[in-house]
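Worksheet: the structure to be examined is printed underneath.
The values are calculated or read from the model by the stated rules, or taken from the named source; none is laboratory data. Not measured: the values here are computed from a predicted model. Heads up, the Cβs are rebuilt from the backbone with ideal geometry, glycines too, and the neighbour counts pull from every protein chain shown. Calculation scope for accessible area: heavy atoms of the full protein, side chains included, ligands and nucleic acids excluded. Shrake-Rupley method; radii C 1.70, N 1.55, O 1.52, S 1.80 Å.
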Amino acid sequence: MSTNRAPFALAAALLLAGCEGAQTSLAGDGAEGMQVIRLGILFLAVTTLAYLLVLAFLAAAIWRRRPVGEERDQAVGKRNRASDPPRFRTMLIGWVAFVTIGLAVLTIASFFTDRGMAQTAARPAISIEITANQWWWDVEYEGSEPSRTVRTANELHLPVGVPAHITLKSNDVIHSFWVPNLAGKQDLIPGRVTDITLLPKKTGIYRAQCAEFCGVQHAHMALDVTVESRADFTRWWNAAIQPARPPTTPLALAGYNYVTTRECRMCHNITGTPASGRVAPDLTHFASRRSIAAGTMPMNRGNLYGWIADPQSQKPGSKMPYIGLEPAELHAVVAYLEGLK
Ligand code: CUA
């Protein structure tokens, strides 16, 4: 490939790369996403055709421009313009018909897309409540009975092919819930309850992102979305309602003692232990999540050390304070948290 074509190839590659992946609105992995993409393609086709026709008319007008002054005098007699008015009328009628039919098609298609999305929302099978906080997501699954209610944070598990009704709230400022692969956005507004229904069509791991600027860590307010088979989802739910695993090593036990008696317990809940705070992410099955601090970093030991040792250097402005753990305490706390699968 010659070097002057390289930028175009790169641009094309980047454009196509945007069509798949864990965070893209062009994949259509959910019912709503798919319908909106289909509607978008129809809009693009009709408007592209209209654009090309306008350009064609413009080119024809330039090509057939009427000569002026001396040129016209010379041209008179050369061309018989008697046939022009009827042809002009035909083209005008054709154009008006195209615009009318085009707009009608788009209006009808929009109506049916809207109706399709409303039908998805009309038969929800699971209910989830998501509360946005600066800068993390509190997620609660409504169980058939209180003991089956699941509370987690910064992750969402959804069974494929099952409509999930999600109630959205905010504790502080306006946020926006957005799983680009599955559906459009929905705002979370303090003092108001909004909702959205997701119907995932494909299993996979997706990334959701807060889509409304909500403060300095807005970019670090992501949500890991796992769409899995119904059997896997049921397995996850059954594991998620269990209390936290007890520590199995002396080091983890020391961590347990720290976490459940000192600062951590004031804000975090770990079901089955004295830690029962409600203002920070639930940690009962913390180590089974894919990321730390709402998608700020992947879940692994190194990141866990960094996060607990000094949260403010990892996510400045977040409510997780610097505690100043002694090295022995840090090792113990990490060992305990790692066991919370
Ligand atoms: Cu929450 Cu942006």
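Do you know which residues across the range 261-293 are among the hydroxyl-bearing types (Ser, Thr, Tyr) and over 20 Å from residue 240 (Cβ atoms)? Correct list: 261 only. The selection criterion, being acidic (Asp, Glu) and either within 16 Å of the ligand (Cβ to nearest atom) or within 21 Å of the chain's Cα centre (by Cα) (or both), holds for residue 228. Scanning the range 86-128 for residues that are open to solvent by 70 Å² or more (accessible area, probe 1.4 Å), within 35 Å of the chain's Cα centre (by Cα), aliphatic (A, V, I, L, M) and over 30 Å from residue 149 (Cα atoms) turns up 101, 103, 108.
Residue count for the range 192-218 under the criterion of being open to solvent by 50 Å² or more (accessible area, probe 1.4 Å) and either touching a residue at least 24 places away in the same chain (Cβ under 8 Å) or within 15 Å of the ligand (Cβ to nearest atom) (or both): the result is 10.
Taken over the range 155-164, the criterion of being aliphatic (A, V, I, L, M) and in a loop (DSSP other than H, G, I, E, B) is satisfied by 160, 162. Checking each residue in the range 170-191 for being within 12 Å of the ligand (Cβ to nearest atom), polar (S, T, N, Q) and open to solvent by 40 Å² or more (accessible area, probe 1.4 Å) picks out only 171. On inspection, residue 160 qualifies as closer than 15 Å to residue 234 by Cβ and either of a type outside the set (Asp, Glu) or surrounded by 17 or more Cβ atoms within 10 Å (Cβ to Cβ) (or both).
The set of residues in the range 59-84 that are modelled with pLDDT under 70 and either in a helix (DSSP H, G or I) or under 30 Å from residue 43 (Cα atoms) (or both) comprises 69, 70, 71, 72, 73, 74, 75, 81, 82, 83, 84.
Looking across the range 128-142, just one residue is more than 16 Å from residue 191 (Cβ to Cβ) and touching a Lys or Arg at 6+ places or on another chain (Cβ under 6 Å), and that is 140.
Checked against the criteria, residue 245 counts as in contact (Cβ under 8 Å) with a residue 12 or more places away in the chain, over 29 Å from the mean Cα position of the chain (by Cα) and closer than 24 Å to residue 323 by Cβ. Condition check: touching a His at 6+ places or on another chain (Cβ under 7 Å) and modelled with pLDDT of 90 or more. Does residue 178 satisfy that? So residue 178 fails the test. Would you mind finding the one in 131, 152, 167 that is within 19 Å of the chain's Cα centre (by Cα), without any contact (Cβ under 8 Å) to a residue 60 or more places away in the chain, more than 16 Å from the ligand (Cβ to nearest atom) and part of a strand (DSSP E or B)? Result: 167 is the single residue among 131, 152, 167 that is within 19 Å of the chain's Cα centre (by Cα), without any contact (Cβ under 8 Å) to a residue 60 or more places away in the chain, more than 16 Å from the ligand (Cβ to nearest atom) and part of a strand (DSSP E or B). Quick check: is even one residue across the range 103-126 within 16 Å of the ligand (Cβ to nearest atom) and acidic (Asp, Glu)? Checked the range 103-126: no residue is within 16 Å of the ligand (Cβ to nearest atom) and acidic (Asp, Glu). The single condition among (1) of a type in the set (Asp, Glu); (2) surrounded by 16 or more Cβ atoms within 10 Å (Cβ to Cβ); (3) out of contact with any strand residue (DSSP E or B) (no Cβ under 6 Å at 6 or more places or on another chain) that residue 232 does not satisfy is (2). Out of (1) within 16 Å of the ligand (Cβ to nearest atom); (2) among the hydroxyl-bearing types (Ser, Thr, Tyr); (3) open to solvent by 50 Å² or more (accessible area, probe 1.4 Å), the odd one out for residue 249 is which? Of (1) within 16 Å of the ligand (Cβ to nearest atom); (2) among the hydroxyl-bearing types (Ser, Thr, Tyr); (3) open to solvent by 50 Å² or more (accessible area, probe 1.4 Å), only one is false for residue 249: (1).
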